[in-house]
Amino acid sequence: MVEKKEPIGTQEQIERRPTAAAGDGRVRPNPFEIAQKQLDLAAEILELEPAIHALLREPLRELHVTLPVRMDDGKVKVFKGFRVQYNDARGPTKGGIRFHPEETIDTVRALAAWMTWKCAVVDIPLGGAKGGVICNPKTMSKGELERLSRAYIRQVGRILGIEKDVPAPDVYTDPQIMAWMADEFSFLQGYNEFGVITGKPLALGGSQGRNDATARGGIYCVREAGKVLGLNLNGATAAIQGYGNAGTYAHQLGRDLLGLKTVAVSDSKGGILNWDGLNYEAVMEHKKATGSVVGFPGAQFITNEALLELPVTVLFPAALENVITAENAPRIQAKILAELANGPTTPEADDILYKKGVYVIPDFLCNAGGVTVSYFEMVQNAYDYYWDLETVHERLDKKMTAAFHAVHAMAQKYKVHNRLAAYLVAVNRVAEAVRLRGWA
Ligand code: NAD
């Protein structure tokens, strides 16, 4: 029986809104309006035709679904889900699926727009999409999550496909969830179609090199930034905010590929600092044993805020959004800001950093290694022929290096900061496809 009292997503959650984040009472701007404003700025500089500009301001398609799921207590709970296919002018759309209690349609729209620009900036032949379900996975059993994942595919599967739209993991979804989704989709088709979803386990058609792809792509960009700035990065200092997937691999690969000396790292409990350098393996072991980097022997405690202001050569925000703002931007001393996190820098801070001469590698370029290897996964699934790790690394390097230099050149040409330059590269590529296809 359907539980009627349970809200399945309040109107405020589903509709466009300025968001007041749960708990802290702070009103945050609507992410989709931010995404549209960023596009507007690029459209003005590129002198885009009004019709193309109008088309790129809105998603091409979106599907809202209602998902009945039988819970472990035998009752049926109804969830609300979305899939937004923002723009497919350059190819099938691509983007993750988030399971989150504060998911909103406008967050999904904004993320789908950003996926469109991210795929275009690294020049992979894909458009942008995003999906989401309003739910709290932390309170759900494995069986409930599996049934929710399958229910989502039964509804949204009709607009998915290797030639149409290919999801991937995102916040609170993982390779196991992708495997259930690929399985459900394959049953609907009547044959195995693993390429419909990326971020799968290796045994089900995942790609080598997906685990560290985001950090690796960012490290390749830092290497190129060192070259254009004339900086010797071997032995240069680095600080990393966030010690999860992106942050830990940045520590390891920064050392292994560039010779960076990471002097500070942090997680949600705080940070650690040692100017002689932090040993990657030892910090990982400490985090595994204690649940945090804090308390690492031989290092002093440092707050997350102070870490951002250290006089290091490379700063990697790899945790949260909006951590570099107009308030602390004047105190940022890093020479290169490599944004592995999504949205760590506010637009006001961007202008301050640009004037100060901090070289920003913007998020949708710096962390595009993940989606690039996801694209490689699609290609390998389509051919049913799998590459070795070296091939993945070599091809990722080529893509990231070319993208970095396209953005750098655009910034020089228009005398704008790198984030706007990345928009100019990406929007220009999508607009060209729209124009060639005769859509506007
Ligand atoms: P994760 O969950 O593996 O790690 C997040 C880390 O941030 C954890 O160490 C956590 O302790 C830390 N953290 C949480 N709150 C914090 C706080 N207040 N201060 C400092 N640290 C805090 O996540 P991830 O996959 O590494 O993603 C990190 C960022 O990179 C996100 O913005 C994500 O969107 C972005 N990103 C990740 C990928 C990827 O492939 N993993 C791809 C693109 C972008």
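Coordinate-derived values only; no laboratory data. Remember, predicted model here, so these are calculated numbers, not experimental data. Neighbour counts run over all protein chains shown; Cβ positions are idealised from the backbone, glycine included.
Points to keep in mind about this one:
- Between 0 and 90°, nearest 10: helix 142-156 axis offset from the chain longest Cα axis: 70 degrees
- Dipole of the chain, positive end: most advanced residue of Ala54, Val121, Ile159 [Cβ charges, Cα centre]: Ala54
- Computed from the Cα positions only, the extents of segment 96-170 along the three principal axes stand at 39, 25, 17 Å, in decreasing order.
- Candidates Val228, Val156, Val425: whichever shows maximal mean-square fluctuation once the chain is modelled as a Gaussian network with Cα springs under 10 Å: Val228
- Here the calculated FRET efficiency for Asn211 and Asn428, from their Cβ-Cβ distance with R0 = 25 Å, stands at 0.20, rounded to the nearest 0.05.
- Kirkwood Rh and Cα Rg combined as Rg over Rh, evaluated for segment 60-204: 0.96
- Each other residue within a Cβ distance under 13 Å of Gly291 adds +1 if Lys or Arg and -1 if Asp or Glu, for a net charge of +1.
- Degrees separating the helix 280-290 axis from the principal Cα axis of the chain, which is the longest one: 50 degrees
- Assuming charge only on the beta carbon of Lys and Arg (+1) and of Asp and Glu (-1), the dipole of the chain about its Cα centre is about 320 debye to the nearest 20.
- Extension gain (nm, one decimal) between Asp256 and Leu41, 0.36 nm per residue minus Cα-Cα: 73.6 nm
- Using alpha-carbon coordinates, inclination of helix 213-229 to the longest axis of the chain, degrees: 40 degrees
- Charge dipole of the chain about the Cα centre (unit charges at C-beta), most positive-ward option of Leu204, Val323, Ala112: Ala112
- With R₀ fixed at 41 Å, the C-beta to C-beta distance from Arg70 to Ala440 puts the FRET efficiency at about 0.35.
- When Rg and Dmax are taken over the Cα atoms of segment 317-385, they come to 15.8, 51 Å.
- Mean separation of Cα contacts under 8 Å, 6 or more apart, over the residue count of the chain: relative contact order %: 15 percent
- Radius 11 Å from Cβ of Asn279, net charge of other residues (Lys, Arg +1; Asp, Glu -1): -1
- Bridge orientation summary for the chain: considering DSSP beta bridges with both residues in this region, about 50 percent are antiparallel.
- Helix-only CD estimate at 222 nm, as mean residue ellipticity for the chain, using -39500 (n - 2.57) per DSSP H run (n ≥ 4): -13500 deg cm²/dmol
- At R0 = 25 Å, FRET efficiency that the Cβ-Cβ distance of Asn328 and Ser268 yields, to 0.05: 0.85
- Whole-Hz Karplus values for segment 31-36 come out as x, 6, 5, 4, 4, 5 Hz, taken residue by residue from phi with 6.51 cos²θ - 1.76 cosθ + 1.60 and θ = phi - 60°; glycine and proline positions read x.
- As a rough footprinting exposure proxy, the listed residues Trp114, Trp439 were ranked by other beta carbons within 10 Å of their own, and the order from fewest upward is Trp439, Trp114.
- Rg to Rh quotient for segment 45-145, alpha carbon positions, Kirkwood Rh: 1.11
- Note on Asp174 and Asn245: the model spin-label points, each 7 Å out from Cα along the C-beta direction, lie 1.1 nm apart.
- Backbone N within segment 198-215 under 15 Å of label point (7 Å from Asp388 Cα along the Cβ vector): 208-209
- Ascending count of other beta-carbon atoms within 10 Å, so fewest first, for Phe301, Phe194: Phe301, Phe194
- The residues Lys130, Lys288, when put in order of fewest to most other Cβ atoms within 10 Å, stand as Lys288, Lys130.
- Per residue, the average separation of C-alpha pairs within less than 8 Å and at least 6 apart gives segment 60-204 a relative contact order of 25 percent.
- Val360 long-range amide H proximity, modeled H, under 5 Å: Leu337, Asn418
- Our compactness index for the chain, the C-alpha radius of gyration over the empirical 2.2 N^0.38 Å, is 0.97.
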